[in-house]
1. Quick one: compute the contact order of the stretch 145-276, relative version, from alpha carbon pairs under 8 angstrom and 6+ residues apart, as a percent.
2. Can you return the aspartates and glutamates within cross-link range of residue 307? Criterion is Cα-Cα under 14 Å, with same-chain partners fewer than 8 residues away left out.
3. Just the Kirkwood number for the stretch 174-231, please: inverse of mean 1/r across all distinct Cα pairs, in Å, one decimal.
4. Rounded, prolate or oblate: which one fits the stretch 212-314, using the alpha carbon gyration tensor with axes a ≥ b ≥ c (rounded when a/c is under 1.5, else prolate when a/b beats b/c, else oblate)?
5. Which translational diffusion coefficient, to the nearest whole µm²/s, is obtained for the chain from the Stokes-Einstein equation, given a Kirkwood hydrodynamic radius over C-alpha pairs, 20 °C and 1.002 mPa s?
6. Please give the residues of the stretch 147-165, grouped as numeric ranges, whose backbone N is less than 15 Å from a label point set 7 Å along the Cα-to-Cβ vector of residue 64.
7. Which residue fluctuates the most in the chain, going by a Gaussian network model with Cα springs under 10 Å, if the choices are 286, 67, 206?
8. Could you work out the percent of alpha carbon pairs in the stretch 86-181 separated by over 23 Å, rounded to a whole number?
Amino acid sequence: MLNAVLNPYHLQVASFIMINIMLGLGMYITLSSGQLSLGNAGFMGVGAYASALLTIHMHAPIVVGILFGTMIAGILGVLVGFPALRLKGVYLAIATLGLGEVIRVLFVNWEAVTHGAVGLSGIPHLGRETARMIRDAGFNPAHIGLKTNQFAYLLVFCILLLLVLGLLWFFVRQTHSRVGRAFAAIRLDERAAESMGINITYYKVLSFAQGALLSGLAGALYAHVMGYISPEDFSYHRAVEILIYAVFGGSELIWGSVFGAAFLTLLPEALRFISEWRYFIYGLILLVLMAVRPQGLLDGNMLRYLKRLWERCT
């Protein structure tokens, strides 16, 4: 039964949705404090390469590699966050986009370590390694009617889903906490927030570092889901894509980033039957949405409307 239902391709698409939701959350966190950063692709690349190199050359466990990559990206986020305080709006966006390109070019030119434009292959796969550990413990996926590759992809999806649920729980709570209220106050009026005693430097660096941590985590997981990474995976195209997740879904709410990342990851796959036109339709939808709802699909009013609609239907 499970063998017929679980398609490895569908499970991999679902796993990419989870990774992109993490990236969308990272963008939402920086936007929630009024900072427009386009450096998330660079932080994602740092997390991916740090984790991949540690697991390939030092034979570290995947969990250690992912934690290491996430921490390195977070530390870089703190280091960049302090000088970034001097910049706002498009100036911060251009500076962080430049940072992402510097990181990508470093990956291309540091051939002795990163293998240049060819990229890194042979990265331990999260699903296969976890499946091997479970099999060594005495469990055979054939007992539940699954092939080994199906079981590996299912494990990847389950791990990513649990991580996303944990992150959503944390950041929803943070949004309603003192930290979230400080972020919102800074976004609305930085000077007024400072006059009320909010430590602008602390909260803006915290927001920037959290965005970098999430991007680094997503990058490390991406490396161990794909098994191969190259500098092109973290180019400015990726930076713009991450921004669109939050803007399309609605940058005012955490659920907007989640919806945007899920919808925009799924849309090109759903339009594969018209492969010649799918990116045309993808771009057209973005164009129409920005003209009609520049605040994104989900905002407070839309959520209240959907809630009332749900109550009428039930």
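The values are calculated or read from the model by the stated rules, or taken from the named source; none is laboratory data. No experiment lies behind these values; they were computed from the predicted model shown. Note: ideal-geometry Cβ built from the backbone for every residue, glycine included; neighbour counts use all protein chains shown. Heavy atoms of the whole protein, side chains included, go into the accessibility calculation; ligands, DNA and RNA do not. Shrake-Rupley method; radii C 1.70, N 1.55, O 1.52, S 1.80 Å.
1. It rounds to 11 percent for the stretch 145-276.
2. 299
3. Numbers: mean 1/r = 0.0757 Å⁻¹.
Mean inverse Cα-Cα distance, inverted, gives 13.2 Å.
4. Here the stretch 212-314 falls in the prolate category.
5. In µm²/s, the coefficient rounds to 104.
6. none
7. Highest fluctuation among the options: 286.
8. Working: 2850 of 4560 pairs.
Value for the stretch 86-181 (Cα pairs over 23 Å): 62 percent.
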